[in-house]
Amino acid sequence: MGVVNVTPDSFSDGGEFLDPERAIEHGLALVAQGADLLDVGGESTRPGAQPLAPAEETRRVLPVVAGLATRAGVPISIDTLHAEVARAALEAGATIVNDVSAGRADERMLAVVAERGAGFVAMHMQGSPRDMQRAPHYADVVAEVREFLAQRLEAALAAGVPRERIWLDPGIGFGKTLEHNLALLRGLRRLAELGAPLLVGVSRKSFVAAIEERAGLPRSAPLERAGGTLAASLWAAREGAAILRVHEVAPLRQALAVEAALAEGAGG
Ligand code: PMM
């Protein structure tokens, strides 16, 4: 899943693709690099981000969703918390809703997804983007995230979203410390036991810099986290993630191909 952020303030690529035509070109480039789907977002969910009015969010994302839906040749997901934005994007050609609140932020969300026959990504987040990194706390992070995802899976099913159209996501970096993120990445197989495919997004996230710091290396800026992104993405794929959400598709495709080639000859 290639990321197309149409935001002025995303932590990872804020402002780069605010112009719709540039965002569309970027999405097409990600597909040329091997993306199987594209995730379009108009509201930043970086820690401390302020909420955005749904009308402004719709204005940002709609031309990009419409352009990519006709030109990209891969499914388009809309990354939003708002049912109204999701509905407009689905009407413009998106077929998946990626909701970092898993349908909790807007009580109409699951009904819109079900009514339009769309796919749904339910992600775990402790708190809201505004306060999630203040003091994340869990007794057993894997068990608690698993229980949350099980409940959101049930809620989506109860709303009429078909099981085969639901993906679950541990929400790396959303209300989690470094240790929580590591535990979740190590515990992906336990989350996969819920019976829905997993989506994992590690791309350019700050846990990479936290690991560097712990290892006595200088902390990288988001755009310098390609290596950490690749290492964690390959790990997630090996541990059963079905979809990897990344900003740079080409290096991941290359790494996955090399790993697959090596695995073919392994054990022989
Ligand atoms: N991460 C971000 C935004 N949306 N959606 C899902 N399902 N999973 C994620 O991990 C996720 C997401 C934050 O990254 P960005 O601001 O660079 O898009």
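Here is a list: A102, A69, A122. Which entry is small (G, A, S) and farther than 27 Å from N181 by Cβ? Exactly one residue qualifies, and that residue is A69.
Can you name the residue in region 51-60 that is of a type outside the set (A, V, I, L, M, F, W, C) and within 14 Å of the ligand (Cβ to nearest atom) and is also nearest to H26 (Cα to Cα) among such residues? The qualifying residue nearest to H26 (Cα to Cα) is R60. Scanning region 205-215 for residues being part of a loop (DSSP other than H, G, I, E, B), more than 24 Å from L149 (Cα to Cα) and within 15 Å of the ligand (Cβ to nearest atom) gives a total of 0.
On the stretch given as region 172-194, residues that are under 19 Å from the mean Cα position of the chain (by Cα) and either at pLDDT below 95 or outside any helix (DSSP H, G or I) (or both) total 8. Would you say G48 is assigned to a loop (DSSP other than H, G, I, E, B) and within 14 Å of the ligand (Cβ to nearest atom)? It is true that G48 is assigned to a loop (DSSP other than H, G, I, E, B) and within 14 Å of the ligand (Cβ to nearest atom).
Residue-by-condition table, conditions (1) within 15 Å of the ligand (Cβ to nearest atom); (2) part of a helix (DSSP H, G or I); (3) touching a residue at least 24 places away in the same chain (Cβ under 8 Å); (4) surrounded by 13 or more Cβ atoms within 10 Å (Cβ to Cβ):
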position: L157; (1), (2), (3), (4): no, yes, no, yes
position: A196; (1), (2), (3), (4): yes, no, yes, yes
position: L217; (1), (2), (3), (4): no, no, no, no
position: A231; (1), (2), (3), (4): no, yes, no, yes
position: A236; (1), (2), (3), (4): yes, yes, yes, yes
position: P251; (1), (2), (3), (4): no, yes, yes, yes
position: A261; (1), (2), (3), (4): no, yes, no, no
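Looking at region 137-150, can you tell me whether even one residue there is touching a Pro at 6+ places or on another chain (Cβ under 6 Å), surrounded by 18 or more Cβ atoms within 10 Å (Cβ to Cβ), modelled with pLDDT of 95 or more and among the hydrophobic types (A, V, I, L, M, F, W, C)? Checked against the condition, which is being touching a Pro at 6+ places or on another chain (Cβ under 6 Å), surrounded by 18 or more Cβ atoms within 10 Å (Cβ to Cβ), modelled with pLDDT of 95 or more and among the hydrophobic types (A, V, I, L, M, F, W, C), region 137-150 yields at least one hit.
May I ask you to verify whether S101 is surrounded by fewer than 21 Cβ atoms within 10 Å (Cβ to Cβ) and within 14 Å of the ligand (Cβ to nearest atom)? Against the criterion (surrounded by fewer than 21 Cβ atoms within 10 Å (Cβ to Cβ) and within 14 Å of the ligand (Cβ to nearest atom)), S101 does not qualify. R134 passes all but one of (1) of a type in the set (K, R); (2) closer than 19 Å to G41 by Cβ; (3) in a loop (DSSP other than H, G, I, E, B); which number fails? Just one mismatch for R134, condition (2). Across region 62-88, what is the number of residues that are closer than 23 Å to M125 by Cα and either out of contact with any helix residue (DSSP H, G or I) (no Cβ under 7 Å at 6 or more places or on another chain) or buried (at least 20 other Cβ atoms within 10 Å of the Cβ) (or both)? Qualifying residue count, region 62-88: 11.
The values are calculated or read from the model by the stated rules, or taken from the named source; none is laboratory data. Keep in mind it's a predicted model, so treat the numbers as computed, not measured. So basically every Cβ, Gly included, is an ideal-geometry build from the backbone, and we count neighbours across all protein chains shown.
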